[in-house]
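S.K.: My questions all concern the structure below.
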Amino acid sequence: MKKSGAGAAESDINPDGTRRTLKNRHVQMIAIGGTIGTGLFLGSGSTISKTGPSILFIYALIGLVFFIMMRAIGEMLYASPQEHTFVAFITKYLGLAPGLFAGWSYWLAIILGGTAELTAISIYVKYWFPNWNAALIQLFFLIILVSINSLTARLFGSTEFWFAMIKIVAIIALIVIGLIMIFTGFKDPNGQTSSFRNLTYHFQFFPHGINSFISGIPMVFFAFLSMEFVSITIGETKSPRHVLKKAINETVYRILIFYIGALTIIMSIARWTSFSPNTSPFVLVFKLAGIPAAATIINFVVITSAASSINSLLFSSGRHLYQLSMETNSKLLKPVQKISKSGVPANAVRMSGALFLIAPIISSIPAVQSAFDFIGAAASDLYLFVYVLVIFALLKYKSSSDYMANGFKMPAYKITAPLDIIAFGLIFITLFFNSDDVVPAIGSIIWLIIFGGFCYLRYHGKEPAHEM
């Protein structure tokens, strides 16, 4: 493990040939971009219509759960900043069997998430060009983003920087415009006045019943997915420990500003009862503000947001496949162990990207009414398994020889770690309150039993082929 005071020549190139080319500004913006997904721009209309203002409590609680998990990852990564993926800690502290289960499950979740975003991006583009072929749209975006990820980590970081900037500008614009509307007493065409008092209009914690409230939880959880992605960039970042602490500690502020802040403004401008599950709240607010091109603007934002997600998922999937190839040393995966001259596991990125192409196939299955919802739900379930294993890995790390008493420690871990495990379990249960999530949830249980059982029988007690 490199010390933080290592020289430039030592710290810029990792032992496996990957390069630390990402800078602090890249990582900080990637952290913000990873916190903000298309769920905020599009899905928040559905959650508001289900729960009303009490949706703020759901965002706050699930945001806290994610922050605790991020601190768990951060503590282990601070001790070993050379790791390419946080899943490596599951292998390191829980064993090869749970490590491979988590690694392959997370990699599969990334692939499923990538197909969901590709499916979505073609829908957004067809908003402008309805006659364009969806499969060709998906292929076009995929080729460009795979090419970016195959060149250098720094090019990826620069691309993510600008993708994230677009999302941030859109949210800040909404907050600023919203505050002006509120403080000037703006009235909509129906004569309703914008005011913070709209948050308490017909307020009930469960306005449509407790089942509807609970069914909104998975949608909020999905909106937060990939927040942990910023940790995957640390292995290719300059001054990793300094950058890591800043990126993770500011997670709370990002949640407060970009989620809770934006939703508070949205529900203050218009009464929550006026929101439709099929309409973006951002579009509604901008239209009320007198911006006729509101739908076009938000469509552009969600296209860049989806492209940002695909870009990040390609980066992440490539590093995870590389990690898995090194742990198993499988002949089939030998090609993905190669690091390019620019310090990128390019073959692993390309192989992962090729699997994103299942999106057009899934989109064409008549039985699946909403490919995006189905794939997103399936991916969410697999993430939950990995998140729980990460917390268990943190608990084992605490009693290991790697433990850094003066490191970046998770606060009150004896209390927060078990609470996080329980929280992820409860989130999984909420999937069964939403009819669209039941089949994917059952499928994930079958995956856990069959693939988890295989990993235990095949790899229990064995060591990784290579120590990363």
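S.K.: Residues to consider are D420, D381, D402; find the one that is under 28 Å from P81 (Cα atoms), acidic (D, E), modelled with pLDDT of 90 or more and within 21 Å of the chain's Cα centre (by Cα).
M.R.: Residue meeting the stated conditions: D420.
S.K.: Can you find a residue in the stretch 159-180 that is in a helix (DSSP H, G or I), among the polar types (S, T, N, Q) and surrounded by 20 or more Cβ atoms within 10 Å (Cβ to Cβ)?
M.R.: Scanning the stretch 159-180, I find at least one residue that is in a helix (DSSP H, G or I), among the polar types (S, T, N, Q) and surrounded by 20 or more Cβ atoms within 10 Å (Cβ to Cβ), so the answer is yes.
S.K.: Right, something else. Can you tell me how many residues within the stretch 261-286 are over 11 Å from I175 (Cα atoms) and among the β-branched types (V, I, T)?
M.R.: 3
Residue-by-condition table, conditions (1) among the aliphatic types (A, V, I, L, M); (2) in a helix (DSSP H, G or I); (3) closer than 29 Å to Y403 by Cα:
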position: I30; (1), (2), (3): yes, yes, yes
position: G33; (1), (2), (3): no, yes, no
position: F41; (1), (2), (3): no, yes, no
position: S46; (1), (2), (3): no, yes, no
position: S54; (1), (2), (3): no, yes, no
position: I58; (1), (2), (3): yes, yes, no
position: Q82; (1), (2), (3): no, no, yes
position: Y93; (1), (2), (3): no, yes, yes
position: A97; (1), (2), (3): yes, yes, yes
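S.K.: Now for a separate question. So, I36, is that one under 23 Å from M410 (Cα atoms) and modelled with pLDDT under 85 or not?
M.R.: Judged against the criteria, I36 is not a match.
S.K.: Has the stretch 100-120 got any residue that is crowded, with 24+ Cβ neighbours inside 10 Å, of a type in the set (S, T, Y), under 18 Å from the mean Cα position of the chain (by Cα) and not in a helix (DSSP H, G or I)?
M.R.: no
S.K.: Go through the stretch 125-166 and report how many residues are more than 19 Å from E236 (Cβ to Cβ) and either under 19 Å from the mean Cα position of the chain (by Cα) or free of Cβ contacts under 8 Å to residues at least 24 places away in the same chain (or both).
M.R.: Of the residues in that region, 14 qualify.
S.K.: Here are the criteria: (1) on the phi > 0 side of the Ramachandran plot; (2) at pLDDT 85 or above; (3) among the small types (G, A, S). Tell me which single one G261 does not satisfy.
M.R.: (1)
S.K.: What number of residues within the stretch 426-443 satisfy the criterion of being more than 27 Å from G74 (Cα to Cα) and either of a type in the set (S, T, Y) or buried (at least 19 other Cβ atoms within 10 Å of the Cβ) (or both)?
M.R.: Result for the stretch 426-443: 7.
S.K.: Tell me, yes or no, whether the stretch 344-352 has at least one residue that is in a loop (DSSP other than H, G, I, E, B) and within 20 Å of V230 (Cα to Cα).
M.R.: yes
S.K.: Could you list, in sequence order, the residues of the stretch 142-175 that are at pLDDT below 85 and within 30 Å of S195 (Cβ to Cβ)?
M.R.: none
S.K.: Also: Taking the criterion of being acidic (D, E), touching a residue at least 24 places away in the same chain (Cβ under 8 Å) and closer than 25 Å to M219 by Cβ, would at least one residue in the stretch 323-334 satisfy it?
M.R.: no
S.K.: Which residue, of P218, P207, is crowded, with 18+ Cβ neighbours inside 10 Å and more than 25 Å from Y322 (Cα to Cα)?
M.R.: Being crowded, with 18+ Cβ neighbours inside 10 Å and more than 25 Å from Y322 (Cα to Cα) holds for just one of P218, P207, which is P218.
S.K.: For the stretch 24-67, enumerate the residues that are farther than 22 Å from F385 by Cβ, within 16 Å of the chain's Cα centre (by Cα) and of a type outside the set (S, T, Y).
M.R.: Of everything in the stretch 24-67, those that are farther than 22 Å from F385 by Cβ, within 16 Å of the chain's Cα centre (by Cα) and of a type outside the set (S, T, Y) turn out to be V27, Q28, M29, I30, A31, I32, G33, I36, L40, F41, L42, G43.
S.K.: What residue, of A423, A412, is small (G, A, S) and either crowded, with 17+ Cβ neighbours inside 10 Å or closer than 20 Å to I217 by Cβ (or both)?
M.R.: A423
The values are calculated or read from the model by the stated rules, or taken from the named source; none is laboratory data. Note that this is a predicted model, so its numbers are computed, not measured. Virtual Cβ from ideal backbone geometry, glycine too; neighbours counted across all protein chains shown.
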